[in-house]
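Asks: Okay, handing you the structure first.
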DNA sequence: ACCTGAACACCGTTCAAGT
DNA sequence: ACCTGAACACCGTTCAAGT
């Protein structure tokens, strides 16, 4: 008779609880059994609402990406601004869900909302008026840069360690890490935002140069 | 008495067998128990040579990255060429180990050889003579771009599907994917190499512009 | 020194049964 | 219609025992 003290199970509640579990305990801790116990339910009850764990994760991925479409991009602004807005929104979304975003990006299942996001990106880059080939190349490059930085940044403390590399430098100087030692001060400051902007601006300027030479 | 028909277990043999298993069956199929059975050994025998599964994976990651240091980069070439060589070597390495490289890149454990690779990259970018801040930003950007493209490309067939997006376009036109439809021809050709070169050249030109304005 | 086997504490998922 | 519980086929890892 626990059913009288508990609201009926619905997939919304399952998704929400799963996301809380992931954000608080980490993705690797998510199991159908632990999730069920957090819901106060038999492990198998979940399977009446969601077919399996893979579907649960895909649902979570789509839900998260959904938020990207709620953030407006000014339609009258120049394409440079729109593009910057879009990638900043994407980065912000990643930082809001740090324990699930890397696996969302790595996931090779085709997500409806991943497609929709790609479509959004292509739409903005098309506003340059450049030929299709250039549009696709630039979109790919922007997407790769953004996702690469998300992985870099969400490595989090670990990424910071990779950067400073103090573990392997403890006692004496190691020629394998000479440059890391020399640049330690700058590396330790971890200015990913500045590095990202450097890469983004380079790509935008590349596009502008193409526009100029096409005139 | 199977021991007489089998060479004694050594960590090299374990690593090699694990890598074969991953390359043929996929990373998700790697288990200590399956690995042991492939080695013709009790599951627990492995633990006498390698402390646990995480250590096994880290060992594999380091072994793979080791190959990067075998590929020579011409020390007398201009930095642009050296940088291109380095990133091409890295991409080639990723393509040689497609089923393990994404997890190598996602791994937040600090790998000795990941540091060494970063050091290599920093060393080449320093040859520009630009200030430390710029060197670190450009290195970050190049690293993000390269890793982002590796994820894009190693999504493999799945990535191709995301690109073409045919699953969601089957019957009628969907406004969510209008740009994908329009650009389907170019997207389907999947010219990641060209897209990567576009991004890479943009960053190199960004660095060259900084050099010019510093003169 | 090296390998084995039972055991522990977990997984995801199926299926027949209960209410 | 919805939930339960036993069961199956797996995991990684510990530990005492064997050779």
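Asks: So residue A:28 fits all but one of (1) more than 14 Å from chain B (Cβ to nearest Cβ); (2) surrounded by fewer than 16 Cβ atoms within 10 Å (Cβ to Cβ); (3) assigned to a helix (DSSP H, G or I); (4) within 16 Å of DNA strand C (Cβ to nearest atom); what number is the exception?
Replies: (1)
Asks: Is it fair to say residue A:93 is assigned to a helix (DSSP H, G or I), away from DNA strand C (no atom under 12 Å from the Cβ) and within 14 Å of chain B (Cβ to nearest Cβ)? Walk me through how you get there before you give the answer.
Replies: On the way: assigned to a helix (DSSP H, G or I): yes; away from DNA strand C (no atom under 12 Å from the Cβ): yes; within 14 Å of chain B (Cβ to nearest Cβ): no.
For residue A:93, the condition - assigned to a helix (DSSP H, G or I), away from DNA strand C (no atom under 12 Å from the Cβ) and within 14 Å of chain B (Cβ to nearest Cβ) - is not met.
Asks: Does residue A:106 qualify as being within 11 Å of the chain's Cα centre (by Cα), within 9 Å of another protein chain (Cβ to nearest Cβ) and surrounded by fewer than 22 Cβ atoms within 10 Å (Cβ to Cβ)? Explain how you work it out, then say what you get.
Replies: On the way: within 11 Å of the chain's Cα centre (by Cα): yes; within 9 Å of another protein chain (Cβ to nearest Cβ): yes; surrounded by fewer than 22 Cβ atoms within 10 Å (Cβ to Cβ): yes.
Yes, satisfied.
Asks: Taking the criterion of being over 25 Å from residue B:114 (Cβ atoms), surrounded by fewer than 16 Cβ atoms within 10 Å (Cβ to Cβ) and in contact with a helix residue (DSSP H, G or I) (Cβ under 9 Å, 6 or more places away or on another chain), would at least one residue in the stretch B:57-73 satisfy it?
Replies: Start the filter on the stretch B:57-73 by keeping residues that are over 25 Å from residue B:114 (Cβ atoms), which leaves none.
There is no residue in the stretch B:57-73 that is over 25 Å from residue B:114 (Cβ atoms), surrounded by fewer than 16 Cβ atoms within 10 Å (Cβ to Cβ) and in contact with a helix residue (DSSP H, G or I) (Cβ under 9 Å, 6 or more places away or on another chain).
Asks: Mind listing whichever residues of the stretch A:96-112 are in a loop (DSSP other than H, G, I, E, B) and touching a residue at least 60 places away in the same chain (Cβ under 8 Å)? Talk me through it step by step, then tell me what you get.
Replies: Residues of the stretch A:96-112 in a loop (DSSP other than H, G, I, E, B): A:97-100, A:107-111.
Scanning the stretch A:96-112 gives A:97, A:99, A:100.
Asks: Taking the conditions exactly as written (within 16 Å of DNA strand C (Cβ to nearest atom) and closer than 23 Å to residue A:153 by Cα), does residue A:21 satisfy them or not?
Replies: Yes.
Asks: Also: Output the residue which, of all residues in the stretch B:46-82 that are away from DNA strand C (no atom under 16 Å from the Cβ) and outside any helix (DSSP H, G or I), is farthest from residue B:129 (Cα to Cα).
Replies: Among residues in the stretch B:46-82 that are away from DNA strand C (no atom under 16 Å from the Cβ) and outside any helix (DSSP H, G or I), the one farthest from residue B:129 (Cα to Cα) is B:71.
Asks: Take residue B:56 and tell me if it is within 10 Å of DNA strand D (Cβ to nearest atom), touching a residue at least 40 places away in the same chain (Cβ under 8 Å) and away from chain A (no Cβ under 14 Å).
Replies: Details: within 10 Å of DNA strand D (Cβ to nearest atom): yes; touching a residue at least 40 places away in the same chain (Cβ under 8 Å): yes; away from chain A (no Cβ under 14 Å): yes.
It is true that residue B:56 is within 10 Å of DNA strand D (Cβ to nearest atom), touching a residue at least 40 places away in the same chain (Cβ under 8 Å) and away from chain A (no Cβ under 14 Å).
Asks: For residue A:24, indicate whether it is closer than 29 Å to residue B:184 by Cβ and either at pLDDT below 95 or within 16 Å of DNA strand D (Cβ to nearest atom) (or both). Walk me through how you get there before you give the answer.
Replies: Numbers: closer than 29 Å to residue B:184 by Cβ: no; either at pLDDT below 95 or within 16 Å of DNA strand D (Cβ to nearest atom) (or both): yes.
No, not satisfied.
Asks: Moving on. Say we look at the stretch B:31-41 and pick out the residues that are within 9 Å of DNA strand D (Cβ to nearest atom) and surrounded by 14 or more Cβ atoms within 10 Å (Cβ to Cβ); which of these is nearest to residue B:109 (Cα to Cα)?
Replies: Going residue by residue through the stretch B:31-41, those that are within 9 Å of DNA strand D (Cβ to nearest atom) are B:31-37.
Now restrict to residues that are surrounded by 14 or more Cβ atoms within 10 Å (Cβ to Cβ): B:32, B:34-36.
On the way: B:32: 20, B:34: 24, B:35: 23, B:36: 25 Å.
Only one residue fits best here, namely B:32.
Asks: So is residue A:19 within 18 Å of residue A:105 (Cβ to Cβ) and free of Cβ contacts under 8 Å to residues at least 60 places away in the same chain or not?
Replies: Values: within 18 Å of residue A:105 (Cβ to Cβ): yes; free of Cβ contacts under 8 Å to residues at least 60 places away in the same chain: no.
No.
The values are calculated or read from the model by the stated rules, or taken from the named source; none is laboratory data. Only a predicted model underlies this, so the values are computations on that prediction, with no experimental measurement involved. As a convention, Cβ positions derive from the backbone with ideal geometry for all residues, glycine included, and neighbour counts pool all protein chains shown.
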